[in-house]
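Notes follow the structure.
The values are calculated or read from the model by the stated rules, or taken from the named source; none is laboratory data. Treat the numbers as computed from the prediction; the structure is a model and nothing was measured. Cβ: placed from backbone, ideal geometry, glycine included. Neighbour counts: every protein chain shown.
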């Protein structure tokens, strides 16, 4: 991790939950360095230690204001003006694909020192968002204030979003802690997946309206739209994010990874392709020994859960993940201890 | 149909509607045999006799509790432990594709006698769901109680879902007749299309939350989410399902098949691909002689329907499907009778 | 433009907004000629003069009743009966692809004189809808009354939809100014993208229900569903449509085109494909000199906008598009004038 990014990201562990806080005062602007550091942290996680990640802000009352406009301005200087005027999206897609290829060869750090660094930053954002959407750990964004542009996209790439219900003190407007993609007002469009996540979450009509208007919506509206999972008071933000993260950290990581893959990749593919993808994910999670343990335990108590005297309170321990231990390796340990007895 | 499945499925006909009831006491667990039988019934339907199918439960207060966990446990024993631990979803997708190929050669019944039968069951589920989503008959699920896991997926694969609004007597919790995908609590994920249908119906954010939490939602919530078409009292369940089915049985089967295909396959493809798919479906339905009859009749009365004295009550017989006869072959008969006169 | 289409379409300009009104009394039925004329107008637009298009009706109290049933009836006579009875959608998709190819060679006007003209009309609709969804101008439908079938599809292909909240005088039923796809009642399915737009906007469950039932929904319901952007009184229809269009006409056209492409094409592709598409669109809009100007101006005032004394009122001029001039070429003029000083 570069010197800069290490101080821009603070990590803290509570049990099987890792809390990553972004700290780039005063406005918590997102930068290429922050995303590089975040990607390194996400890639280094081990399912045996970490079952969930909470993504938070170390700046009070601000989640992430937006992506650094200075860096976008530099990106705009990528090409000389006479070339820039004739650039079509497919040319840039080609350049970005080349950059992705070079990054596989480990050349991204070199590219980041050339005028092409804008491409590296753009791909760096996409990789970080992809990691959030694909790691076997559940990710929870704790949104303590405004999440505009790149901040909105980072939150939307997490699995769950808990958001404060009140604007920061001293600001009257509820959009002081709003969420949205206002890039259009600078003549830009979202670049970290905003158009894609909004279209899939809300459909093309609402996505077009939000992106073309640059609307910033309040937490309350975001909850109504289904853009956030939960709206809580400022005091309840971290406790609530931690409660979800702790429950999710008890899930079978193979199943978590499979669900995330099925929803994001399968769910955006033609139906028959998505169904096959789900079958593969179902298979890998069913082959995990801990899942076999859970099924055996469930079958032994099926009459209590489904019978005429069924009590959904019994189901609560299953839902909380306390009925069985899904930590990888626990099934073998359980079997070994049984043998000793 | 195997001896087992024939007793697991009861069929009854009312006019052009076929009612298929699943009966596997006490919890109406779904099994490979039931799905095999259901697929056979769906494949044997003739548009001239059958215009709609109602999928119901023969067990009171339970639609389908879930897929048989015993069979899933067997699936988990598909591979020896040392292989299972290193299985990636793409390996399973490959095996499943091979199984699909073998089934075209008529080898599925043989496979179902080997340890590979788990693959045959998984593909069997997908085929049954695909039939529900593609046959030229409209399918209506009459959900009389809980529809968890595989039961939820079967209901979501139908075109319409009518659900009871009250939990079974003696159970306080409304989730006693809830719907959802709780596979995650056993360390599993949905395997019959649940992640795919929920993502497409609700978007990735809600789909992730429901699948990662294993949430069971009440009928009322399901209606709000748009997961079910109608919420009715226990007495009104079958009458309401039949009313919809009878109206739908009067539709042009070519148009029904085209709409189902356009929505499911076209609607999950890139837009330009989906548009072309719709054009093809539009063409085939417009070429049906019964559609030509209907258009001619409509044109002769267009001023009553669209003019200043238009009365939408006149439109009701069109909406009910009683204004024209779309039964395949009826146009030829009509023409013949006209000639005789 | 053919003699017919020139009188069927009226155009009027207000500043950078072009208003196109369809006039085909008495019911404003859509025809191949109208769509041909509309496509020609849309293709001829220049971003330097036109920033937004309002699509309106020149018939009072009727937006577009539906597509001409006479033309669809002719389409149904495309093939001799013995061929029609055995037509599969893929055959028609093949014929339509050939027609698309011939149209590239400029042969569509010829085809429109043969019995194959139905194919030309169907592809003509798709091209017109594609233009509405891809031109760098924002399109706003001003829906002053019923928009059924092809009228609904044309409105759904626009970026924004403003609709009147009251039925025409003398009609009691609110569906007098409703919206929907009732093709099924004539044994048909939507052919101008209705199944595709509804599935993407509402998900497969609601899309199936609306298309299989042929439901016509009121403006109020349409707003609740998210099918329309705004519901206004009859007097406020054009003023409101113009307000949106004028604001949108001040956007960066490169960004508008990119957002429309990302939402429609990217948003219906597998997520990774869509993300790459967005990156390309982000790049082209960031390379526009006007965007660079806007970013520079924003950076100079960032503390006022994001700081503790931030006032979202300051943000309003950015949202209105009055803070910077995005008209193509304006950045160069600005630079030239600075040099002179």
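Are any residues in segment C:216-257 more than 30 Å from residue B:319 (Cβ to Cβ) and touching a helix residue (DSSP H, G or I) at 6+ places or on another chain (Cβ under 8 Å), and if so, which ones?
Pass one, segment C:216-257, residues more than 30 Å from residue B:319 (Cβ to Cβ): C:235-236, C:238-257.
Within segment C:216-257, C:247, C:248, C:250, C:251, C:252, C:254, C:255, C:256, C:257 qualify.
Without any contact (Cβ under 8 Å) to a residue 60 or more places away in the chain, in the same structural domain as residue A:265 (by TED's automatic domain parsing), under 30 Å from the mean Cα position of the chain (by Cα) and farther than 25 Å from residue B:192 by Cα: is that true of residue A:313 in this structure? Quick ask: steps written out before the conclusion?
On the way: without any contact (Cβ under 8 Å) to a residue 60 or more places away in the chain: yes; in the same structural domain as residue A:265 (by TED's automatic domain parsing): yes; under 30 Å from the mean Cα position of the chain (by Cα): no; farther than 25 Å from residue B:192 by Cα: yes.
For residue A:313, the condition - without any contact (Cβ under 8 Å) to a residue 60 or more places away in the chain, in the same structural domain as residue A:265 (by TED's automatic domain parsing), under 30 Å from the mean Cα position of the chain (by Cα) and farther than 25 Å from residue B:192 by Cα - is not met.
Please go through segment A:61-102 and pick out each residue that is away from chain C (no Cβ under 11 Å) and at pLDDT below 95.
Once the filter is applied, which keeps residues that are away from chain C (no Cβ under 11 Å) and at pLDDT below 95, segment A:61-102 yields A:82, A:98, A:101, A:102.
Any residue at all in segment A:72-90 that's within 30 Å of residue A:164 (Cβ to Cβ), crowded, with 20+ Cβ neighbours inside 10 Å and either in contact with a helix residue (DSSP H, G or I) (Cβ under 9 Å, 6 or more places away or on another chain) or not assigned by TED's automatic domain parsing to the domain that holds residue A:18 (or both)?
Start the filter on segment A:72-90 by keeping residues that are within 30 Å of residue A:164 (Cβ to Cβ), which leaves A:72.
Narrowing further to those that are crowded, with 20+ Cβ neighbours inside 10 Å: A:72.
Next, from what is left, pick out any that are either in contact with a helix residue (DSSP H, G or I) (Cβ under 9 Å, 6 or more places away or on another chain) or not assigned by TED's automatic domain parsing to the domain that holds residue A:18 (or both): A:72.
Checked segment A:72-90: at least one residue is within 30 Å of residue A:164 (Cβ to Cβ), crowded, with 20+ Cβ neighbours inside 10 Å and either in contact with a helix residue (DSSP H, G or I) (Cβ under 9 Å, 6 or more places away or on another chain) or not assigned by TED's automatic domain parsing to the domain that holds residue A:18 (or both).
Among the residues of segment C:113-125, is any assigned by TED's automatic domain parsing to the domain that holds residue C:61, in a loop (DSSP other than H, G, I, E, B), over 17 Å from residue C:37 (Cα atoms) and at pLDDT 90 or above? Write out each step before concluding.
Going through segment C:113-125, the residues assigned by TED's automatic domain parsing to the domain that holds residue C:61 turn out to be C:113-125.
Subset that is in a loop (DSSP other than H, G, I, E, B): C:113-116.
Imposing the further condition that a residue be over 17 Å from residue C:37 (Cα atoms) reduces the set to C:114-116.
From the residues that got through so far, the ones that are at pLDDT 90 or above too are none.
No: segment C:113-125 contains no residue that is assigned by TED's automatic domain parsing to the domain that holds residue C:61, in a loop (DSSP other than H, G, I, E, B), over 17 Å from residue C:37 (Cα atoms) and at pLDDT 90 or above.
With a cut-off of at least 1 residues that are under 30 Å from residue C:80 (Cβ atoms), name the helices (runs of 4 or more DSSP H) lying wholly within segment B:231-341.
Qualifying helices (runs of 4 or more DSSP H): B:253-264, B:271-286, B:289-300, B:302-306, B:312-320, B:330-340.
In segment B:210-231, what residues are crowded, with 19+ Cβ neighbours inside 10 Å and more than 14 Å from chain A (Cβ to nearest Cβ)?
B:219, B:222, B:228, B:229, B:230, B:231
Quick one: which residue in B:278, B:290 is outside the structural domain of residue B:130 (by TED's automatic domain parsing), farther than 18 Å from residue C:90 by Cβ and surrounded by 23 or more Cβ atoms within 10 Å (Cβ to Cβ)? Before you say what the answer is, go through the steps one by one.
On the way: B:278 fails: farther than 18 Å from residue C:90 by Cβ.
Going through B:278, B:290 in turn, the sole match is B:290.
Looking at residue A:147 and the list (1) surrounded by fewer than 20 Cβ atoms within 10 Å (Cβ to Cβ); (2) in contact with a helix residue (DSSP H, G or I) (Cβ under 7 Å, 6 or more places away or on another chain), which single condition is not satisfied?
That leaves (1) as the condition not met.
Is it true that some residue in segment B:236-253 is more than 20 Å from the chain's Cα centre (by Cα) and away from chain A (no Cβ under 11 Å)? Quick ask: steps written out before the conclusion?
Start the filter on segment B:236-253 by keeping residues that are more than 20 Å from the chain's Cα centre (by Cα), which leaves B:236.
Narrowing the set further to residues that are away from chain A (no Cβ under 11 Å) leaves B:236.
Yes, segment B:236-253 contains at least one residue that is more than 20 Å from the chain's Cα centre (by Cα) and away from chain A (no Cβ under 11 Å).
Among the residues of segment B:283-305, are any under 26 Å from the mean Cα position of the chain (by Cα), free of Cβ contacts under 8 Å to residues at least 24 places away in the same chain, at the interface with another protein chain (Cβ under 7 Å from one of its Cβ atoms) and farther than 29 Å from residue C:59 by Cβ?
Yes, that holds for at least one residue.
Any residue that is farther than 29 Å from residue A:278 by Cα and at pLDDT below 95 - is there at least one of those in segment A:185-206? Steps first, please.
Taking segment A:185-206 and keeping what is farther than 29 Å from residue A:278 by Cα, we get A:185-190.
Filter once more, keeping what is at pLDDT below 95: none.
Scanning segment A:185-206 turns up no residue that is farther than 29 Å from residue A:278 by Cα and at pLDDT below 95.
List the residue pairs whose Cβ atoms are under 7 Å apart, where the first residue sits in segment A:320-341 and is at positive phi, the second is at pLDDT 90 or above and assigned to a helix (DSSP H, G or I), and the two are 6 or more positions apart or on different chains.
Between residues of segment A:320-341 that are at positive phi and residues that are at pLDDT 90 or above and assigned to a helix (DSSP H, G or I), the close pairs are A:321/A:247.
Is there a residue being out of contact with any strand residue (DSSP E or B) (no Cβ under 9 Å at 6 or more places or on another chain) and within 14 Å of chain B (Cβ to nearest Cβ) anywhere in segment C:37-49?
no
Looking for something touching a residue at least 24 places away in the same chain (Cβ under 8 Å), surrounded by fewer than 22 Cβ atoms within 10 Å (Cβ to Cβ) and touching a strand residue (DSSP E or B) at 6+ places or on another chain (Cβ under 9 Å) - is there at least one such residue anywhere in segment C:176-189?
Step one: of segment C:176-189, the residues touching a residue at least 24 places away in the same chain (Cβ under 8 Å) are C:176-186, C:188.
Subset that is surrounded by fewer than 22 Cβ atoms within 10 Å (Cβ to Cβ): C:176.
Narrowing further to those that are touching a strand residue (DSSP E or B) at 6+ places or on another chain (Cβ under 9 Å): C:176.
Yes, because at least one residue in segment C:176-189 is touching a residue at least 24 places away in the same chain (Cβ under 8 Å), surrounded by fewer than 22 Cβ atoms within 10 Å (Cβ to Cβ) and touching a strand residue (DSSP E or B) at 6+ places or on another chain (Cβ under 9 Å).
Exactly one condition in (1) crowded, with 19+ Cβ neighbours inside 10 Å; (2) within 8 Å of another protein chain (Cβ to nearest Cβ); (3) under 27 Å from residue C:27 (Cα atoms) is not met by residue C:132; state its number.
Failed condition: (2).
So is residue B:207 within 20 Å of the chain's Cα centre (by Cα), within 30 Å of residue A:229 (Cβ to Cβ) and crowded, with 21+ Cβ neighbours inside 10 Å or not? Steps first, please.
Numbers: within 20 Å of the chain's Cα centre (by Cα): yes; within 30 Å of residue A:229 (Cβ to Cβ): yes; crowded, with 21+ Cβ neighbours inside 10 Å: yes.
The answer is yes for residue B:207.
Looking only at residues that are within 7 Å of chain C (Cβ to nearest Cβ) and touching a residue at least 12 places away in the same chain (Cβ under 8 Å) in segment B:265-276, which one is farthest from residue C:205 (Cα to Cα)?
By that ranking, first place goes to B:274.
Need the failing condition index for residue B:44 against (1) at pLDDT 95 or above; (2) under 30 Å from residue B:232 (Cα atoms), just the number.
All conditions pass for residue B:44, except number (2).
Would you point out which residue out of C:142, C:56, C:52 is touching a strand residue (DSSP E or B) at 6+ places or on another chain (Cβ under 7 Å), more than 21 Å from residue C:193 (Cβ to Cβ) and more than 10 Å from chain B (Cβ to nearest Cβ)?
On the way: C:142 fails: more than 21 Å from residue C:193 (Cβ to Cβ); C:56 fails: more than 21 Å from residue C:193 (Cβ to Cβ).
Criteria check complete, one pass: C:52.
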